[in-house]
Structure formats: C-alpha cells, structure tokens
1. Under the condition of being under 18 Å from ALA151 (Cα atoms) and open to solvent by less than 10 Å² (accessible area, probe 1.4 Å), which residue from region 105-123 is farthest from the chain's Cα centre (by Cα)?
2. Taking region 110-125, which residues are without any contact (Cβ under 8 Å) to a residue 24 or more places away in the chain, in a helix (DSSP H, G or I) and not β-branched (Val, Ile, Thr)?
3. Looking only at region 54-97, which residues are open to solvent by 90 Å² or more (accessible area, probe 1.4 Å), of a type in the set (A, V, I, L, M, F, W, C) and under 30 Å from ALA133 (Cα atoms)?
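The values are calculated or read from the model by the stated rules, or taken from the named source; none is laboratory data. None of the values given here were measured: they were computed from a predicted structure. So basically every Cβ, Gly included, is an ideal-geometry build from the backbone, and we count neighbours across all protein chains shown. Calculation scope for accessible area: heavy atoms of the full protein, side chains included, ligands and nucleic acids excluded. Shrake-Rupley method; radii C 1.70, N 1.55, O 1.52, S 1.80 Å.
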Amino acid sequence: LLCGAGPGGAAGETSGTGEPCGRAEREALALVERLREREQRLEARERWLDDRERTRSEAMQEAEARMAALDRLRVEVDERLERLARADETWMRRLAAVYARMPAERAAAVLAELEPALAASLLGRMRSSRAAAVLASLPARRAAELSRLLARTPLPPDGAVARTAAEVSGPASAP
C-alpha cells in the first residue's frame, strides 16, 4: 500500500522516498506480509500432509498386498500340512498293520523299544484283540504306561482299540 493523497498531491502518490506514509499503512503492509507468510506455511503444511497421506496410502496398499500374500501362503501351508498328515496317517496305518501281523511277543519286543507316544499310536490303530495280545506280551509297567497314553489319545477315524488296562487284561476274575 502506498500513501494516499498528500498535501498538494494526487491520490496514490508516495512520500518522497517511495515508502508508505503513515502508521496505518505500515501496519496494513505488515499484516499483508504476515498473511503471505501464513499462507506460505499453510501451503507447505498442505503439501506435507498430502505427501504424508500419499505415503500412508502406499504403506496401506503394501500392507494389504503382504497380508494377501500371507493369507495365500497360510492356505498353501495348511494344504501341505493336511497332505502330510494324511500321508503320515497312511504310513502309521501301514506300520500298525505290520505290527498287527507279527507274533504278539515279537511286536511287543519292538514296541517296548519305541517312544511311548509312537507305540501307543501304533497300538491305537490295531484291532482291540490284537492290541490286547501285544499289551499282554509287554512288561506290566510298559503296558500300563501305554494304556495310560491310549486312554488320553483320541481314536483314529477308522476304529476302536483297547483303551484301558482292564480291557487288555480281560474281565476281572470273581473272588
């Protein structure tokens, strides 16, 4: 803003130095300058916020893409685990069938050397009568240990087995 008309001058003229003439004009110029600075700060903040929003949006898209990839990977892993579990079950059934065909004493000797959980799992896949014969051929402590494991183990999908020491040893004799 320039000074208005001075004495003997036309409107829009400045003082002799080209500076605003009065206090009000100086304050108005200072206010305009502050407003320009504020506008520049607001524009810079708006650019910063736009950049931040763009970065956030890109990060969200990347996170969503990674989550989708993880979901696909989880499905693939679950499918592989299911195939492995089916294969494991198939092999366990085959191995149980091998032990079931062996003489009870020989099967008991081998099962006595296996990890208890594996031995119980194999017994659990045998017919009750065959599992009973194998358990009867084991030392009493080992038979009791395997019976306890069998009692806590869910049945395989295709059959029942001897679940307690009482079933293995047969009916209790009358006194």
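1. Only one residue tops the list, namely LEU111.
2. First pass over region 110-125, keeping only residues without any contact (Cβ under 8 Å) to a residue 24 or more places away in the chain: 110, 113-115, 118.
This time we only want the ones that are in a helix (DSSP H, G or I), so: 110, 118.
Hit for region 110-125 is LEU118, nothing else.
3. Listed by number, the list holds a single entry, TRP91.
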